[in-house]
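The structure appears right after this line, and notes come after that.
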Amino acid sequence: MIRAIIIDDEKNNIENLTGLLELHSPVISVVATATNADEGIAKIHEQHPDLLFLDIQMPGKNGFEVLKSLPHHFVEVIFVTAYDQYGIPAIKFSAIDYLLKPVNIAELKTAVSKAVEKLNQKKQNFQLENLLEMMKNKDEKNEHRLALSTAKQTRFVSPGDIIRCESSNAYTSFYLAGGDTIMVSRPIFEYEELLAAYGFIRCHQSHLVNRKHIKSWLKDDGDIC
């Protein structure tokens with residue numbers, strides 16, 4: 001069994017998620033719940049859970065402040081939030097799973113399945129570490145690292161080292177300055193939003209380009225960079 005804690009400031013959300021887990025993810029055992037950050041932190045230190053279901057915006061301390069208190073980074077985290085703009089870009093940047101309220105059953109099952117797989121591998125949660133580092137240095141873009149997850153690994157890449165991104169249906173290929181290419185199973189439009197603040201432009205339906213690496217702009221054949 002995977003030991004889980006749910007932290008959410010609304011009791012009905014806790015009850016709803018607990019019920020969904022009992023019905024659709026019986027491998028998860030909810031060992032404790034909390035309705036505020038301080039209570040949640042105490043429960044984490046008491047129970048040492050494998051998995052956290054964590055609301056982002058709560059009165060007083062928010063979900064990110066809860067994460068800063070974790071005794072180690074071997075725990076998996078699934079954010080559950082009604083706010084689709086509060087902190088979501090940073091979460092996406094680190095490729096951490098999140099669920100929007102009301103919780104979709106299929107998305108819940110997928111997120112739980114991925115968390116269980118990571119826990120079975122007993123690996124340190126470097127994606128969580130990357131998120132915390134990004135939140136700490138949120139105004140220092142040169143310190144940010146984009147998490148690119150493939151079937152075999154997760155690479156953490158500086159946006160400045162990405163030359164361009166190319167779309168292939170639901171996949172996106174990243175071409176790096178060192179010559180490597182990384183393909184991930186996420187559509188390019190998600191990265192257009194994430195990388196806009198780092199100097200990337202959508203020069204074509206299938207291409208995102210880093211302005212830093214543009215050497216010329218050809219006005220023939222419909223403009224090519």
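Can you run the Rg to Rh ratio on region 19-72? Use alpha carbon positions and the Kirkwood inverse-distance Rh.
With Rh from the inverse mean 1/r over Cα pairs, Rg/Rh is 0.98.
Keeping all protein chains in the complex and leaving out DNA, RNA and ligands, what accessible area do you get for F74 with a 1.4 Å probe, in Å² to the nearest 10?
It works out to around 110 Å².
Would you rank E143, E190, E22 by solvent-accessible area, highest first, keeping every protein chain in place and using a 1.4 Å probe?
Heavy-atom accessible area, descending, gives E22, E143, E190.
The values are calculated or read from the model by the stated rules, or taken from the named source; none is laboratory data. Bear in mind the structure is a predicted one, so any value in this text is a computation, not a measurement. Accessible surface is based on the protein model in full, side chains and every heavy atom, while ligands, DNA and RNA are left aside. Shrake-Rupley method; radii C 1.70, N 1.55, O 1.52, S 1.80 Å.
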